[in-house]
1. Cα centroids of the stretch 74-103 and the stretch 257-290: how far apart, whole angstrom?
2. Which Cα, out of Asn109, Asn79, Pro91, lies furthest along the positive dipole direction of the stretch 70-131 (beta carbon charges, K/R +1, D/E -1)?
3. In percent, what relative contact order does the stretch 128-196 have, based on Cα pairs under 8 Å that are 6 or more apart in sequence?
4. Which lysines have a Cα lying under 25 Å from the Cα of Lys112, excluding residues fewer than 8 positions away in the same chain?
5. What accessible area, in Å² to the nearest ten, does a 1.4 Å probe give for Arg123?
6. How big is D, in µm² s⁻¹, for the stretch 133-288 by Stokes-Einstein at 37 °C and 0.692 mPa s if Rh is the Kirkwood radius over C-alpha pairs?
7. So for the pair Met276, Arg80, with labels modelled 7 Å out along Cα→Cβ, what separation do we get in nm?
8. Using a Förster distance of 22 angstrom, determine the FRET efficiency expected from the C-beta separation of Lys297 and Lys94, and round it to 0.05.
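The values are calculated or read from the model by the stated rules, or taken from the named source; none is laboratory data. Remember, predicted model here, so these are calculated numbers, not experimental data. We place every Cβ from the backbone using ideal geometry, glycine too, and count neighbours over all the protein chains shown. Just the protein is used for accessible areas: all its heavy atoms, side chains included, with ligands, DNA and RNA removed. Shrake-Rupley method; radii C 1.70, N 1.55, O 1.52, S 1.80 Å.
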Amino acid sequence: MAVELVKGKKGYPYYQITQKGITELRKRGYNALGNEDILRIHEKAIPYYVEVSRIALSTTPYRWIFKDSRAIKKEMHLNRGDQIHGSLTSPEGKEYGFYVLESATTEINMRKTIREIAYLSNRVNRSKTLRHFIIFAKGQESMTHFIEKANEEQFDHRGEIIRERLRPSGTVGVLPLNYGIAYLQSKLSDKNYFESVFKVAGSPIPWVAPSDEMHFEFKARYKDEEVYVVNLLDGDISKINAIQFYLSDSNRRTRFGEKSRKLVLITDERMEDFHMKVIGKRPKIEWFPFSCSKVDKSKREMPDLNMEPALV
């Protein structure tokens, strides 16, 4: 059945399973939880569910494990009205809570998402904590808006903080929706594989040693000097903030006799302009964009087609 998701424009076709269909799935051995009433969703939420389904169907063939919003909210003891849209667990076992940002996401919902990430990644005395997150953004405007709000701090008249910037315990990747899907399908989203690219003979940025800076990947040789390599393919805002702090702190490092290395930032050519806009051109930065084909052609291995889909 086709529905109009935007007034005056033809929307996406979508389908709702009936109780008979749920019963049939159970007969065939699928873990079909709930019933028809529980699965019913509000019409305004349909665009999100369409995109969430697309993310799930595009990543699970590449060994990612998907949990929908109901499953992750139950597991994390969250309220039904909380913002999180689901979670994705990589083949390497790292779980990411994820959100879909529409191009016109309201500031209220943006702030709710930021508060929720802060709570989920830093809560204590809980058996389950999410440390890693992905923001799938529909448009660069919503990406910029999210990063600005995540880094915004507010103080009262006494100088005491009343709104703190987002300080996650793990990573928060902010990625365009289409690129984000392609990146998760790629083996480059595996940290070990990413580093292995620079350890092969003939690499233009040969790996030297592990990094002693928390948010930077490793030390390497580039243009006859030792540098830090930073992987921005994942869009992690913690790395963006660490880059800006490292560069602003370079004078202090020099004053105290510490080595201040150049940073080689690995980005995708689809993301280079955005990252340059967010970070800016600096004397101690070298940009090294990967071609689209390098990301798109390094697909993860697909499992046996006879295996059950990795949906939870």
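1. 29
2. Towards the positive end, the residue furthest out is Asn79.
3. Reported relative contact order: 38 percent.
4. Cross-link targets: Lys44, Lys67, Lys73, Lys74, Lys94, Lys128, Lys138, Lys149, Lys239.
5. 20
6. 195
7. For Met276 paired with Arg80, the spin-label model returns 4.9 nm.
8. It comes to 0.45.
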